[in-house]
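Student: Before I ask anything, here is the structure I am working with.
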Amino acid sequence: MMELALLSLAPAAGLLAAYPRRTWGAVAVAVAAGLGSIAACLLCGPGERRLAAAVGLWSVAGALYAIHLCRREVQDCGHVHEKVRQLKVRRVETAKAAAEARAQGEETQRSHKESAALYAMVKGLSAALSWEEIKPRLETAVDQYLGVADFALYVAGRPPRSTWRVDRGGSRAEDDFQPLASRNLASSPGGAWVTLGRRLQEAALSPWQAHVLDRPERALCVPVIDNAELLGVFYVRLPDAADPRALLAKASAFAGEVAFAFRRVKLFQEMERLSEIDGVTGVHRRGAFDERLGEEVVRARTFKTTFCLMLLDIDHFKSLNDRYGHPFGDQVLRRIGEILNHSFYETDFVARYGGEEFGVILPRAQYDGARRKAEAVRNAIEFESFPIALETVRVTVSIGLAHFPRDAAAPEELFSQADLALYRAKSLGRNRVVEFTG
């Protein structure tokens with residue numbers, strides 16, 4: 001009976017053996033219960049065999065149920081583990097999606113900032129009508145839009161002058177590009193056009209195209225082009241962590257907006273220049289001459305310098321008009337204007353202040369140098385020939401000189417002294433140069 005009692009505990013033992021998920025323990029108990037039942041039936045007497053068989057069946061059934069429970073527990077645990085794994089995967093995917101969304105948001109925010117900076121740049125540049133106005137706005141635009149600290153922006157031609165059209169395969173002289181803005185490039189090849197232009201020539205690179213330069217430093221060189229005209233060159237030294245291609249795309253967009261601003265400034269200055277230029281002779285008008293004369297007096301007083309005022313009058317011009325007609329007179333005026341424009345420096349100022357009268361301001365001119373220049377101009381005009389019909393006409397001029405501050409201390413007084421010298425040249429027989437002598 002003791003054996004049967006122990007055998008009846010097999011289901012409980014199977015459950016304990018299977019805990020927490022040991023299926024092999026429940027199987028072992030079931031096998032043991034089965035063997036125990038068989039042994040009990042063989043060892044018990046005939047009267048106890050039925051009871052032993054019942055207890056054995058109970059034990060085996062309990063052990064099998066324990067196996068069933070264990071297997072279900074294992075399956076449930078597997079499902080739980082799978083769900084946990086799926087949750088972990090989903091959490092990783094969610095974190096990745098959140099990171100991508102955050103990065104996309106940052107990129108969108110950066111793009112919006114760049115668009116706002118580009119809009120502000122275009123708005124600011126469009127309001128500039130001179131190189132002095134556009135320079136600080138360009139520097140601010142480079143900081144805000146490109147985010148670079150080392151750059152230079154060159155303008156084709158000296159800023160106050162108009163540009164020259166060149167072929168795409170050609171090149172300009174080194175002094176044709178003038179710096180408009182430059183930062184932190186003192187020791188860089190891009191710090192001066194003479195070195196940058198030489199670098200491009202040595203590498204056989206055209207300034208008409210954008211380039212990523214690797215030597216002697218990582219840099220970008222981007223043309224500023226408008227209407228098939230090269231208006232300038234933009235040079236940027238690349239930061240260490242910068243993506244050259246991405247920055248090149250932004251710099252090209254920047255150069256496109258700068259080209260529009262450059263064109264606007266040049267057109268405005270050209271309009272101003274044309275409003276001051278005489279249509280026949282190509283030299284300045286009387287109003288611009290009077291203004292410049294006053295400015296030159298102030299400048300000479302401030303810096304303790306001198307300058308010369310030259311007045312020039314075409315001899316017998318009224319007779320030429322009466323004899324050959326006004327078109328011929330205009331031809332003479334036009335050619336003399338060309339001679340004067342080519343005879344003086346850019347710092348000098350040539351104007352037509354009367355019908356056949358011209359005035360020239362020569363800053364910092366010495367007495368002897370001004371007289372030699374006047375004689376050279378007089379001689380060039382005297383040997384110029386003007387053909388009309390079957391004739392060849394020659395023209396002469398009389399020139400009067402006065403110096404500041406030697407001969408006068410005010411603009412009106414200086415003009416009067418030069419006019420007196422011119423009158424004396426006329427009275428002495430014309431075709432000569434006379435200085436005011438007091």
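The values are calculated or read from the model by the stated rules, or taken from the named source; none is laboratory data. All values reported here derive from a predicted model rather than from experimental measurement. All Cβ positions, even for glycine, are placed from backbone atoms using ideal geometry, and neighbour counts span all protein chains on display.
Student: Of the numbered conditions (1) under 52 Å from the mean Cα position of the chain (by Cα); (2) closer than 23 Å to Ala288 by Cα; (3) among the hydroxyl-bearing types (Ser, Thr, Tyr), Tyr367 satisfies every one except a single condition; which is it?
Tutor: (2)
Student: Within the range 180-239, considering only strands (runs of 3 or more DSSP E) that don't extend past its boundaries, which have at least 3 residues that are small (Gly, Ala, Ser) and in the same structural domain as Ala255 (by TED's automatic domain parsing)? If you could, list the steps in order and put the result at the bottom.
Tutor: Values: elements: 211-213, 219-226, 229-237.
So the answer is none; nothing clears 3.
Student: Go through the range 334-361 and give me each residue that's surrounded by fewer than 16 Cβ atoms within 10 Å (Cβ to Cβ) and polar (S, T, N, Q).
Tutor: Asn341, Thr347
Student: Which pairs have Cβ atoms under 6 Å, sit 6 or more apart or on different chains, and link a residue in the range 197-226 that is among the basic types (Lys, Arg) to one that is in a helix (DSSP H, G or I) and surrounded by 14 or more Cβ atoms within 10 Å (Cβ to Cβ)?
Tutor: Listed by first residue and then by second, the contacts come to Arg199/Pro189.
Student: Another question about this same structure. Going through the range 208-225 one residue at a time, which ones are modelled with pLDDT of 90 or more and over 18 Å from Ala149 (Cβ atoms)?
Tutor: Trp208, Gln209, Ala210, His211, Val212, Pro223, Val224, Ile225
Student: Condition (residue is touching a Ser or Thr at 6+ places or on another chain (Cβ under 8 Å), part of a helix (DSSP H, G or I) and touching a residue at least 40 places away in the same chain (Cβ under 8 Å)) applied to the range 381-390: is it met by at least one residue?
Tutor: yes
Student: Being surrounded by 14 or more Cβ atoms within 10 Å (Cβ to Cβ) and under 30 Å from Glu384 (Cβ atoms) is the requirement here; does Phe260 meet it?
Tutor: No.
Student: With (1) in contact with a Gly (Cβ under 8 Å, 6 or more places away or on another chain); (2) part of a strand (DSSP E or B) as the list, and His403 as the residue in question, which single condition is left unmet?
Tutor: (1)
Student: Given (1) at pLDDT 70 or above; (2) in a helix (DSSP H, G or I); (3) of a type in the set (Ser, Thr, Tyr), identify the lone condition not met by Tyr154.
Tutor: Every listed condition holds for Tyr154 apart from (2).
For every residue, the table says whether it meets (1) more than 21 Å from Ala409 (Cα to Cα); (2) free of Cβ contacts under 8 Å to residues at least 60 places away in the same chain; (3) touching a Pro at 6+ places or on another chain (Cβ under 9 Å).
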site: Glu291; (1), (2), (3): no, yes, no
site: Phe349; (1), (2), (3): no, no, yes
site: Glu356; (1), (2), (3): yes, yes, no
site: Arg372; (1), (2), (3): yes, yes, no
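Student: Give the range 122-148 a look and list any residue that's surrounded by 13 or more Cβ atoms within 10 Å (Cβ to Cβ) and either modelled with pLDDT under 65 or more than 11 Å from the chain's Cα centre (by Cα) (or both), or say none. Walk me through how you get there before you give the answer.
Tutor: Pass one, the range 122-148, residues surrounded by 13 or more Cβ atoms within 10 Å (Cβ to Cβ): 122, 124-126, 128-131, 133-135, 137-148.
Scanning the range 122-148 gives Val122, Gly124, Leu125, Ser126, Ala128, Leu129, Ser130, Trp131, Glu133, Ile134, Lys135, Arg137.
Student: Given the conditions (1) within 11 Å of Phe151 (Cβ to Cβ); (2) surrounded by fewer than 14 Cβ atoms within 10 Å (Cβ to Cβ); (3) not hydrophobic (A, V, I, L, M, F, W, C), which single one is not true for Arg183?
Tutor: (2)
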